[in-house]
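Comments concern the structure below.
The values are calculated or read from the model by the stated rules, or taken from the named source; none is laboratory data. Since the model is a prediction, treat every value here as computed from it, not as a measurement. Because the Cβ atoms are built from the backbone with ideal geometry, glycine has one as well, and the counts that use them run over all protein chains shown.
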Amino acid sequence: MRGGIQACTLPAGYLGSSLIGALLIFAGFDTVASKVASIILAVMLLITLWWARNWLTRIVVVIAIGIMVAFWFIDHGSPLRFYVLFNGVMSCLYSVWDIVDDLVFRKVNESDATQFAKLCPIIPSRVWGVIWLLISVIFMLGGILAGLAAFKDSTSEQTSASQKFIPT
């Protein structure tokens, strides 16, 4: 690896995905927050569409954007909560799965955890993987608990607020 601070960049893929997933899970507990998160997701998907190099990626991104747009117009965006929540859970769980897959099932010799163990040889790569896995799970649980604590409105109150924020 060249460039950057390895201690920051090596766990960034796992932990960054978990953090973004936790933020999406948090937003998935409120319709207005889900609308805001879906705007951010749409921008990211459009950037992905711009840089896509094959047709499969383009088709998948267009379908994802199409589903998101359709959900905006159903019941004032209420289904967006589940769309954003789904994306958040998938982002968090993919991170957890990738760590387990790299270190337990496939035992990839050059995983990020292996590189991190070379950087800090006191702790073996599997321990780094377990640490990152625990941090990922903590992020996910934090997103759930923060969402439950922050958004206490009923469904009807959320629908009313959603009608006022970018009405559809």
| Some residue of the range 69-91 being at pLDDT below 85, closer than 16 Å to residue 132 by Cα and hydroxyl-bearing (Ser, Thr, Tyr) | no
| request: Scan (1) surrounded by 12 or more Cβ atoms within 10 Å (Cβ to Cβ); (2) more than 18 Å from the chain's Cα centre (by Cα); (3) within 28 Å of residue 134 (Cβ to Cβ) for the single condition residue 4 breaks and write down its number. | output: (1)
| Tabulated pairs, the range 53-81, first aliphatic (A, V, I, L, M), second assigned to a loop (DSSP other than H, G, I, E, B), C-beta under 9 angstrom, 6+ apart or interchain | 60/52; 61/52; 74/168; 80/28; 80/74
| task | Please verify whether the range 144-154 includes one or more residues that are assigned to a loop (DSSP other than H, G, I, E, B) and surrounded by 13 or more Cβ atoms within 10 Å (Cβ to Cβ). | result | yes
